[in-house]
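Colleague: Handing you this structure, nothing more for now.
The values are calculated or read from the model by the stated rules, or taken from the named source; none is laboratory data. What you are looking at is a predicted structure, and each value in this text was computed from that prediction instead of being measured. No Cβ is skipped: glycine too gets one built from the backbone with ideal geometry, and neighbour counts run over all protein chains shown.
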Amino acid sequence: MPKTSDHHATTATIAGSAAVVSVAVLCSRVLGLVREQAFAILFGAGYAFDAFVVAFRIPNLLRDLFGEGALSAAFVAVFAGYNATRGERETWKLASNVLIFFGVFLSILTLVGIMASEQLVGLLVQAEFAQTPGKVELTARLTAIMFPFLVLVSLSAVVMGVLNTKGRFFVPALSSSFFNLGSLVGGVGLALLLPRFGQPAIVGMAIGILLGGVLQLACQLPALFRAGFRFTFHLDLRDPGLRRILVLMLPAVVGLAPLQLNILINTYFASSLAEGTLSWLNYAFRLFWLPVGLFGVALSVATMPVVSRFAAERDFPRLKETYVSSLNMAFCLSIPAAIGLVLLARPIIRIIFQHGRFDTLATIGTAEALSCYAVGLFAYAAVKIMVPVFYALDRPRYPVMGSFLTMAVNLLFILATIEWLRHQALALSISVAMTANFIFLSVMLYRTVGGHPLVPVFKGLGKIGLASLLMALWLFALRQWLFPAGLTEDRLLLDILAVAVCVVSGALLYGLVLHRLNLPELTMLVERLRQKIRK
């Protein structure tokens, strides 16, 4: 068994890395929310933004499938092995080869997607969506404009994998901030300018997505070269490292495909509901993704290189303890966040989005969707940590099986509940499906590693559960007092103050209770974040 000091050092390293990533992701998510606010003000929830949501689904889905999902996980697993066991020349040669190969492959895929954009949109929506004159044509046009985003963000994911393996987390995590900044400033600027030339304003937002993708890739290049990278124009299809990545990607793509099909399924059903439903679900999911990015993605990014190294060194005891500590951190952060989103969904949505063309009906619909998404927040965060462990152990088949389970649960839940839950069924189905995936992967991982310490997990859950319950009771009582008559147009500043009081007081109560209960992961996370701030 590893020494306790070694375990604490590893946990502290992950906590510190996760804290750094969380700060960077926070910047990105805040900018992302500002961008969504711009959409809400300019377009509200309806015709133009519904078209944009469907159009962005296609390149974004392929991004998750081939780029930041399968490619990132497979590349980090192989690159970490090269970095640990081979020389610098071979390591950088692999990185160059991967960049060239996927740059060419995804460019070809992008050209095909642009030419077939209208057919792709036709497959994605139901007849009710197409009945609105010009809506399908606008959606296809936006799809063609945004398709090259796939190439930019996938290459950015490779660069991010290199930097993370080299122990550099802040710049890669901050890169999505540059994407949001570029898409916000460029998109809004063009949206205000293009109507003067007879073009729809929403086209400007689509072009802004491309500008953001360029910035996301470009901002990481200086850090990449400082890490020692030297680009060599060399494409070798027989390179064993590239072939290993492709072999790992195949089950990863198969595994991610059902998750992406869930998005298509939900988009398909949402297109048959009232106009604006796609917008409500998108606004809610973007807000929900804030804590997922802060907690789940940050911990996943910080954990992946560590567990990959332990797997390469066959140090399974330390791998198990690293996984358990990361899981406790995910629960510690995601469970109270979910409670806050459920209890404060409507005032949060109204404060952030209800401006310009975004009306009260849109606030209610978006808040209902947000509450349903939040139910599965803990599962999202946990699965983000579990999947890289399976890849590090060279057991990708289990995430694949879990993905198919997720798709089946999602579809069955929608079919059983959409008639009476309407758009809430589409949000809640994702939470139910992800919870099923979490349970399945937990059991499979326990069996794969030959068992891991369960006492720390259940002990941590007990402490987190008690602190979360006390926080929930406090927030419920506070909400009844601060929002006695719901939300009104003339008390925006009071609502902002009231939500701030709820969030700050709830977080302080939760933190104090966990501090008294002595949850080590929280103590370590806070300490490492404090050290980073001091530096």
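Colleague: Please find, among L124, L94, the residue that is touching a Lys or Arg at 6+ places or on another chain (Cβ under 7 Å), closer than 26 Å to S176 by Cβ and buried (at least 19 other Cβ atoms within 10 Å of the Cβ). Show your work before the answer.
Modeller: Details: L94 fails: touching a Lys or Arg at 6+ places or on another chain (Cβ under 7 Å).
Every option except L124 fails the conditions.
Colleague: Would you be able to say whether some residue in region 52-72 is basic (K, R), farther than 21 Å from L235 by Cβ, in contact with a Ser or Thr (Cβ under 8 Å, 6 or more places away or on another chain) and surrounded by 19 or more Cβ atoms within 10 Å (Cβ to Cβ)?
Modeller: Looking only at region 52-72, we keep the residues that are basic (K, R), and these are 57, 63.
Retained after the next criterion (residues that are farther than 21 Å from L235 by Cβ): 57, 63.
Filter once more, keeping what is in contact with a Ser or Thr (Cβ under 8 Å, 6 or more places away or on another chain): 57, 63.
Now drop any that are not surrounded by 19 or more Cβ atoms within 10 Å (Cβ to Cβ), which leaves 57, 63.
Yes, the conditions are met somewhere in region 52-72.
Colleague: Check R226, R196 and return the single one that is under 25 Å from E36 (Cβ atoms) and either out of contact with any helix residue (DSSP H, G or I) (no Cβ under 7 Å at 6 or more places or on another chain) or not assigned by TED's automatic domain parsing to the domain that holds E90 (or both).
Modeller: Numbers: R226 fails: under 25 Å from E36 (Cβ atoms).
Exactly one residue qualifies, and that residue is R196.
Colleague: Determine the pairs where a residue that is more than 14 Å from A337 (Cα to Cα), located within region 465-479, has a partner that is aromatic (F, W, Y) and surrounded by fewer than 17 Cβ atoms within 10 Å (Cβ to Cβ) with Cβ atoms under 6 Å apart, the partner being 6 or more residues away or on another chain.
Modeller: none
Colleague: Answer yes or no: is there a residue in region 176-199 that is in a helix (DSSP H, G or I), at pLDDT below 85 and surrounded by 24 or more Cβ atoms within 10 Å (Cβ to Cβ).
Modeller: First, the residues of region 176-199 that are in a helix (DSSP H, G or I): 176-197.
Right, trim to at pLDDT below 85 and you get 176.
Applying the additional criterion that residues be surrounded by 24 or more Cβ atoms within 10 Å (Cβ to Cβ) yields 176.
Checked region 176-199: at least one residue is in a helix (DSSP H, G or I), at pLDDT below 85 and surrounded by 24 or more Cβ atoms within 10 Å (Cβ to Cβ).
Colleague: Just wondering, is there one or more residues in region 160-172 that are assigned by TED's automatic domain parsing to the domain that holds A218, among the small types (G, A, S), farther than 16 Å from I145 by Cα and in a helix (DSSP H, G or I)? Step through it out loud before you land on a result.
Modeller: Within region 160-172, the first condition is being assigned by TED's automatic domain parsing to the domain that holds A218, and the residues that meet it are 160-172.
In the following step, the residues that additionally are among the small types (G, A, S) were identified as 161, 167.
Still in the running and farther than 16 Å from I145 by Cα: 161, 167.
From the residues that got through so far, the ones that are in a helix (DSSP H, G or I) too are 161.
Within region 160-172, one or more residues are assigned by TED's automatic domain parsing to the domain that holds A218, among the small types (G, A, S), farther than 16 Å from I145 by Cα and in a helix (DSSP H, G or I).
Colleague: List the number of the failed condition for G44; all other conditions in (1) out of contact with any Lys or Arg (no Cβ under 7 Å at 6 or more places or on another chain); (2) crowded, with 17+ Cβ neighbours inside 10 Å; (3) of a type outside the set (K, R); (4) modelled with pLDDT of 85 or more hold.
Modeller: Failing condition for G44: (1).
Colleague: Restricting to region 491-518, name every residue that is exposed (fewer than 12 other Cβ atoms within 10 Å of the Cβ) and farther than 18 Å from A477 by Cα.
Modeller: Selection gives L493, R516, N518.
Colleague: Only one residue in L482, L529 is surrounded by 11 or more Cβ atoms within 10 Å (Cβ to Cβ) and modelled with pLDDT of 75 or more, so which one is that? Spell out the reasoning first.
Modeller: On the way: L529 fails: modelled with pLDDT of 75 or more.
Residue meeting the stated conditions: L482.
Colleague: Which members of region 281-290 meet the condition of being of a type in the set (A, V, I, L, M, F, W, C) and either closer than 9 Å to G46 by Cα or surrounded by fewer than 24 Cβ atoms within 10 Å (Cβ to Cβ) (or both)?
Modeller: Those that are of a type in the set (A, V, I, L, M, F, W, C) and either closer than 9 Å to G46 by Cα or surrounded by fewer than 24 Cβ atoms within 10 Å (Cβ to Cβ) (or both): F285, W289, L290.
Colleague: Out of (1) surrounded by 19 or more Cβ atoms within 10 Å (Cβ to Cβ); (2) more than 18 Å from the chain's Cα centre (by Cα), the odd one out for S403 is which?
Modeller: Result: S403 passes all but (2).
Colleague: Suppose we filter region 347-369 for residues that are under 15 Å from V499 (Cβ atoms) and either within 22 Å of the chain's Cα centre (by Cα) or hydrophobic (A, V, I, L, M, F, W, C) (or both); how many remain?
Modeller: Within region 347-369, the subset under 15 Å from V499 (Cβ atoms) is 347-354, 363, 367.
Remaining after also requiring either within 22 Å of the chain's Cα centre (by Cα) or hydrophobic (A, V, I, L, M, F, W, C) (or both): 348-349, 351-353, 367.
Of the residues in that region, 6 qualify.
Colleague: Taking region 214-230 as the region of interest, how many residues are outside any helix (DSSP H, G or I), within 30 Å of the chain's Cα centre (by Cα) and exposed (fewer than 14 other Cβ atoms within 10 Å of the Cβ)? Steps first, answer last, please.
Modeller: Let us first name the residues in region 214-230 that are outside any helix (DSSP H, G or I), namely 219-220, 227-230.
If we keep only those that are within 30 Å of the chain's Cα centre (by Cα) as well, we get 219-220, 227-229.
Those still in the list that are exposed (fewer than 14 other Cβ atoms within 10 Å of the Cβ) too: 228.
Of the residues in that region, 1 qualify.
Colleague: Then there's this: Being modelled with pLDDT under 85 and closer than 14 Å to T322 by Cα is the filter here; which residues of region 442-461 pass it? Please lay out each step first, then the result.
Modeller: As a first pass, look at region 442-461 and keep what is modelled with pLDDT under 85: 448-457, 460.
Those that are modelled with pLDDT under 85 and closer than 14 Å to T322 by Cα: V449, G451, H452, P453, L454, P456, V457.
Colleague: Which one of these is at pLDDT below 85, outside the structural domain of P172 (by TED's automatic domain parsing), more than 23 Å from the chain's Cα centre (by Cα) and assigned to a helix (DSSP H, G or I): A302, A330, A311?
Modeller: Values: A302 fails: more than 23 Å from the chain's Cα centre (by Cα); A330 fails: more than 23 Å from the chain's Cα centre (by Cα).
A311 is the lone residue from the list that is at pLDDT below 85, outside the structural domain of P172 (by TED's automatic domain parsing), more than 23 Å from the chain's Cα centre (by Cα) and assigned to a helix (DSSP H, G or I).
Colleague: With the requirement that a residue be at pLDDT 90 or above and in a loop (DSSP other than H, G, I, E, B), what does region 125-157 give you?
Modeller: F147, P148
Colleague: Report yes if A173 is crowded, with 24+ Cβ neighbours inside 10 Å and of a type outside the set (D, E), otherwise no.
Modeller: yes
Colleague: Being of a type in the set (F, W, Y) and within 19 Å of the chain's Cα centre (by Cα) is the requirement here; does Y380 meet it? Spell out the reasoning first.
Modeller: Values: of a type in the set (F, W, Y): yes; within 19 Å of the chain's Cα centre (by Cα): yes.
Criteria met by Y380.
Colleague: Would you confirm, using the coordinates I've provided, whether V455 is over 28 Å from the mean Cα position of the chain (by Cα) and without any contact (Cβ under 8 Å) to a residue 12 or more places away in the chain?
Modeller: Values: over 28 Å from the mean Cα position of the chain (by Cα): yes; without any contact (Cβ under 8 Å) to a residue 12 or more places away in the chain: yes.
Yes; evaluated as a whole, the condition is true for this residue.
Colleague: What pairs come out if I take residues in region 81-96 that are not assigned by TED's automatic domain parsing to the domain that holds T232 and pair them with residues that are surrounded by 19 or more Cβ atoms within 10 Å (Cβ to Cβ) whose C-beta lies under 9 Å away, six or more apart or interchain?
Modeller: none
Colleague: Here's another thing I want to ask about it. Which of the residues belonging to region 87-124 are outside any helix (DSSP H, G or I) and at pLDDT 85 or above? So that I can check it myself, show each step before the final result.
Modeller: The initial filter retains those residues of region 87-124 that are outside any helix (DSSP H, G or I), namely 87, 116.
Correct list: A116 only.
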